[in-house]
Amino acid sequence: MSLSRRSLLRGAALAGAGLALPSLAACGADAASAGGRTTVRLTYGAISVPKTRGVFVKTLADQGIDVEWIGPFPNHAPTLQAVATDTADFSFGGSSTPADQAIISGNKLVYVAYATTTPRLSSILVLPQSGIASVKDLAGRNVAVNKAGLGEFLLVAALEKYGVPRESVTFTYLNPPDAAPAFGSGKVDAWAIWSGPQELAEVQYGAKRLFVDGDELERQIDFPSYLVREDYAKKNPDVIRKVIAAYKAEADWANANPAEAQKIGNEVSKYPQAVVDKLVQQNVQTNWSLIDDKAVADLQYGADWLADRKVLSRKITIAGHAVKL
């Protein structure tokens, strides 16, 4: 069975100091409290436990907030564009790397929440027949990555750790729905990807993990994150707090109930049972919080690391693009 574009579009989503930050606590009344109900436009991936389970929408409805779902999206970058162009209010909890680049590119976005994850399982995958046994063997090969995203970061980190010159490897920029068939057919030699599509490739292609984020790197560099527009953050701090609290409650429930969470996700993904079993066994814990000093420090460390290695086009000061609520 081949790993279809449709399957990977689903799988791509399964997967989330020292400077004063602006505080929104004292801003004017938000839309939800200004004489009636409000609608919040939330982006989502093709697999979304909050969207599918139903508790999330009810929780917000009970607080006067109605949800309009915008999507599905294959990864974080297009949700950031949707927010920047005012076709959505929240990005969908994805990688901080494209979020940083979106801000650098001039989009008026701010971080409102981020998450740490354990274990960190994003990996560079290879096929058994590739002849690639170590990161050093990637020299002279081409690797599929998502540009200015988690995949590109992971490949850069792997090459640096094992002393492989970046110019000796071809970075092939593909999003997951296109990278999967290219990888499975051997058009690319390796694929840097996150959990979800990764396990599907392991089951259907026999892919092997060559380099695993949490095993190889001491600190988390890329973080799941929610962003909104600057103007939205100023006008709607209470709505943002309630939405993030509801997302956190969903993540906490999924952390405590991995089998049930995967079962709900699989109502949409229709993964083989072997993939579901892998995801349940791995039991990745995602811990969300509103932006605080630790969040700024973590995100700044990651952004500096990425800018120093030219994954981001320049430096960014996270404190100027994040809000405490």
Which condition does residue 138 not pass, out of (1) assigned by TED's automatic domain parsing to the domain that holds residue 204; (2) aliphatic (A, V, I, L, M); (3) closer than 25 Å to residue 235 by Cβ, if it passes all the others?
-> (3)
Within the bounds of region 138-147, is there any residue that is among the polar types (S, T, N, Q) and closer than 15 Å to residue 192 by Cα?
-> yes
Where residue 316 falls short, out of the listed (1) farther than 26 Å from residue 56 by Cβ; (2) surrounded by fewer than 16 Cβ atoms within 10 Å (Cβ to Cβ) = (2)
Do any residues in region 124-148 that are farther than 15 Å from residue 205 by Cβ have Cβ atoms under 6 Å from those of residues that are among the β-branched types (Val, Ile, Thr) and part of a strand (DSSP E or B), where the two are at least six apart or on different chains, and which pairs are they?
-> 142/170; 142/172
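Only one of these is crowded, with 24+ Cβ neighbours inside 10 Å, over 17 Å from residue 278 (Cβ atoms) and not assigned by TED's automatic domain parsing to the domain that holds residue 88: 179, 201, 157, 207. Name it.
Every option except 179 fails the conditions.
The values are calculated or read from the model by the stated rules, or taken from the named source; none is laboratory data. Since the model is a prediction, treat every value here as computed from it, not as a measurement. Counting neighbours? That spans all protein chains shown, and the Cβs are built from the backbone with ideal geometry, glycine included.
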